[in-house]
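For reference, the structure is listed below as structure tokens.
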Amino acid sequence: MSEAGGNRVLVVGGTRGAGCLIARLLHERGYDVRVLARDPARASAELGSAFEVVAGDLTKADTLPPVLRDVDHIIFTAGAPSGRYAPENIVKTTDYDGVIDTLAAARSAGFRGRFVYLNSIGIKTRSLAGFLINLLKRNTLVWRRRVEDKIRSSGLDYTIIRVGFLLDRPGGERAVNVSQGTLPLAFRNRIARADVAEAFVEAMRHPRASRATFEIVWGKGLRRGSWSALLENLKPD
């Protein structure tokens, strides 16, 4: 029997970045992984036949209900693309409306699992980096702060994980700090995407992560202890 017991997990944002790493790690651990994709043929070619790729678009709410059927957990990492300018209407449609529409579709589908959401540190703390990101992706941190309240009031079980600056580095090598504060968005507060993938897979079923918001960044020194131990002291929102 697999570690997951055959559970199906929907990854929204699973075609790129941390979301893709999360999808692959879930598969390695025996989960049945469904991935939302605007271009299913391309996503299937990139991910491989082991993944169930379902057509859907966050900006089109009517495409979401079929994607949410018969899933046990949802991991949401999608957002307006990074690294280039995005007008506020695109940011709001993706980073805010897309989350709300996914939550609504999940409730309509009778979803009873956990909704795990990837957010950024710095949404409640002013910083130069945050100011610049809000200029490039118009007010993305503002909309991402607002959507957290919608997740908390959705009635669903949830975990919100705010992550530091993401790096393409190996996971498991650096210590990880798990906190429930409000770190500023600064390069010193960074973490590998591979470590983020582990955090999401572990938090998805950890009892102390239920209805909790926390932040993860690299700490000092080498990794010590398990993710289970890192999450054990979380307090609900």
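Every number here is computed from the coordinates shown, using simple stated rules; none is lab data. All figures in this text were calculated on a predicted structure; none of them were measured in a lab. Neighbour counts are summed over all protein chains in view; Cβ atoms, including those assigned to glycine, are modelled from backbone coordinates with ideal geometry.
This model, with +1 at the C-beta of Lys and Arg and -1 at the C-beta of Asp and Glu, gives the chain a dipole about its Cα centre of some 780 debye. Positive end of the dipole of the chain (Cβ unit charges, origin at the Cα centre): among 79, 65, 184, the Cα lying farthest that way belongs to 184. In a DSSP loop and with at most 14 other Cβ atoms within 10 Å, the GluC sites (Glu not before Pro) in the stretch 1-65 are 3.
Among the chymotrypsin sites (Phe, Trp or Tyr not before Pro) within the stretch 183-223, those in coil by DSSP and having at most 10 neighbouring Cβ atoms inside 10 Å are 187. Per the Debye calculation on the stretch 1-143 with a single equal scatterer at every Cα and no solvent contribution, log₁₀ I(q)/I(0) for q = 0.09, 0.20, 0.22 Å⁻¹ amounts to -0.28, -1.21, -1.36. If you add up the charges near residue 65, with Lys and Arg at +1 and Asp and Glu at -1, over every other residue whose beta carbon is less than 15 angstrom from its beta carbon, what do you get? So the surrounding residues net to 0. Excluding residues fewer than 8 places away in the same chain, name every one of the lysines whose C-alpha is closer than 23 Å to that of residue 92. Within the straight-line cut-off, residue 92 pairs with 60, 124, 137, 150. Karplus-derived 3J(HN,Hα) values for the stretch 79-95, using 6.51 cos²θ - 1.76 cosθ + 1.60 with θ = phi - 60°, are x, 4, x, 8, x, 8, 5, 9, x, 5, 5, 5, 4, 4, 4, 8, 7 Hz; glycine and proline are entered as x.
Sorting the segments 117-125, 77-85 by their mean number of nearby beta carbons within 10 angstrom, highest to lowest, gives 117-125, 77-85. For residue 213, nonlocal amide neighbours, meaning residues 5 or more places apart or on other chains whose placed amide H falls under 5 Å from its own, are 160, 237. Adding -39500 (n - 2.57) for every DSSP H run of four residues or longer, then dividing by how many residues the chain holds, sets the calculated 222 nm ellipticity at -9000 deg cm²/dmol.
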